[in-house]
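Structure, as C-alpha cells:
The values are calculated or read from the model by the stated rules, or taken from the named source; none is laboratory data. Bear in mind that the values here come from a model prediction, so they are computed numbers and not experimental data. Don't worry about glycine lacking a Cβ; one is built from the backbone with ideal geometry, like all the others, and counts go over all protein chains shown. With ligands, DNA and RNA removed, areas are computed over all heavy atoms of the protein, side chains included. Shrake-Rupley method; radii C 1.70, N 1.55, O 1.52, S 1.80 Å.
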There are 2 protein chains.
Amino acid sequence: MIDKKEKKAFQDYYPDDHSHCYGCGRLNSQGLKIKSYWDGDETVAHFTPRPHHTAMPGYVYGGLIASLIDCHGTGSAAAAAYRREGRAMDSLPPLRYVTASLKVDYLQPTPIDVTLELRGRIKQVEGRKVVVESTLSANGSVCARGEVVAVKLPDNMLPGAKTG
Amino acid sequence: MIDKKEKKAFQDYYPDDHSHCYGCGRLNSQGLKIKSYWDGDETVAHFTPRPHHTAMPGYVYGGLIASLIDCHGTGSAAAAAYRREGRAMDSLPPLRYVTASLKVDYLQPTPIDVTLELRGRIKQVEGRKVVVESTLSANGSVCARGEVVAVKLPDNMLPGAKTG
C-alpha cells in the first residue's frame, strides 16, 4: 500500500519553474494539484471533483477526466524514467515529460460525488518516449481508460537553460 | 464569415438541464463557456486562456486544450445532427451528444497570451455517432489536432425523462 504521509508525490519533485501546471503544479493556486505515487509497479492518484466540475448534474465533466489522465500520465512517465535510470526523483538533472498525444475512452458516466482513483501502468519506456495507460475509477468501477504518449522535455526547456 | 452578434452559439440552444457543463454550459458560472458556431461547413470557436491555465509559464495547459476540443466536438456533433435532419437547433426534441472517445495530438507548445481558434470538420455522421476532427490554432499556426467520437445521448438522459 502507498503511504501518502510518508512520501512526496511525483509532482512535488518538479523544479519550481515546472510547478505552475494547472493540472498538477504545486505552485498554481487555482489548479487541480493532482498528486501521483508509486504503488508497486503501478502509479496511483486520487482526486475529488468539485461541484462545478460537472458535465450533466451528478456526473463529472469529460475535460476534467482528460486532464487527470494527462497529468497523471506525464507524472508517471517522469517517475518511470527516474526508476529506469536508478535515480531518486530529487537527483539532477531533472527529468520532465510533456504530452505528445492523449487518448481517452469514456466507458460510462463518472459520478461527481466520490473520490476518483487513477491507476497508471507503464506500457513502454524507449528513448525519449514513455507510454502510460491509465484507468479512472469511481466506487471501484472503471469509468474511463486513457493513454498518454509522453516525451522528455528538450534540455533547452529545462530550468536554468537559455531560451529564446 | 460568422457573425457572433447575430447568432446564438450551439451551446446556447442546449436545454437548461444540459447547460451546466464546466466546459460549455451557459449556466456554469465557474466554467469555460465555450461557444461554437457554423462557418460554412466548418465549425469555429474562440477561447482566450486565463493566466492560471498554464502548463509551463507562457504556454497553455494540455488539459485545457483537450477540454476545448472535447466541448467544441460535442457541440459540433449536435449541430451536424440538426443540420442532417434539416431542423433548427431550437426545435424539439433536443439532440445532445456526449463524448465516447477523445484523441488529442499536441504538435507544438500553445502560447497562453493570445485568443485560440478551434476549427471543426464533420468527418462522419452515422446512426447515433458523429465524428468531429478539430484543429486548435494560435496566431494562425496549428498547435494541436483532435478527434471526438460523439454519441447521441440516450433518450432516458434527456430533459424531462424519467431516470433511475
**OP:** Filter the stretch B:97-117 for residues that are buried (at least 23 other Cβ atoms within 10 Å of the Cβ) and in contact with a Phe, Trp or Tyr (Cβ under 7 Å, 6 or more places away or on another chain) and give the result.
**Re:** B:T99, B:T110
Original post:
What number of residues in the stretch B:92-115 are within 17 Å of the chain's Cα centre (by Cα) and either closer than 18 Å to A:L107 by Cβ or more than 8 Å from chain A (Cβ to nearest Cβ) (or both)?
Top reply: 11
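Would you be able to say whether some residue in the stretch B:143-157 is open to solvent by less than 40 Å² (accessible area, probe 1.4 Å) and in a loop (DSSP other than H, G, I, E, B)?
Residues of the stretch B:143-157 that are open to solvent by less than 40 Å² (accessible area, probe 1.4 Å), as a first pass: B:143-144, B:146, B:148-150, B:153.
Add one more test, that the residue is in a loop (DSSP other than H, G, I, E, B), and what stays is B:153.
Yes, the conditions are met somewhere in the stretch B:143-157.
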Subject >> Residue count for the stretch A:60-77, restricted to those that are facing another protein chain (nearest Cβ under 7 Å), under 13 Å from B:H20 (Cα atoms) and hydrophobic (A, V, I, L, M, F, W, C) >> reply: 0
Original post:
Which strands (runs of 3 or more DSSP E) does the stretch B:21-124 wholly contain that include 1 or more residues that are touching a residue at least 60 places away in the same chain (Cβ under 8 Å)?
Top reply: B:36-39, B:42-47
Original post:
Inside the stretch B:14-59, can you point out the residues that are facing another protein chain (nearest Cβ under 9 Å) and either aliphatic (A, V, I, L, M) or farther than 27 Å from A:K33 by Cα (or both)?
Top reply: B:D17, B:H18, B:L32, B:A55, B:M56
Original post:
For the stretch B:118-133, which residues satisfy the criterion of being β-branched (V, I, T), open to solvent by 20 Å² or more (accessible area, probe 1.4 Å) and in contact with a Ser or Thr (Cβ under 9 Å, 6 or more places away or on another chain)?
Top reply: B:I122
**OP:** Name every residue in the stretch A:36-75 that is modelled with pLDDT under 95 and closer than 16 Å to B:S101 by Cα, in order of residue number.
**Re:** A:A55
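Test of understanding: among A:V148, A:V130, which residue is among the β-branched types (V, I, T) and within 14 Å of another protein chain (Cβ to nearest Cβ)?
Numbers: A:V130 fails: within 14 Å of another protein chain (Cβ to nearest Cβ).
Just one listed residue meets the conditions, A:V148.
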**OP:** Would you point out the residue of the stretch B:41-91, among those that are open to solvent by 20 Å² or more (accessible area, probe 1.4 Å) and of a type in the set (D, E), that is farthest from the chain's Cα centre (by Cα)?
**Re:** B:E85
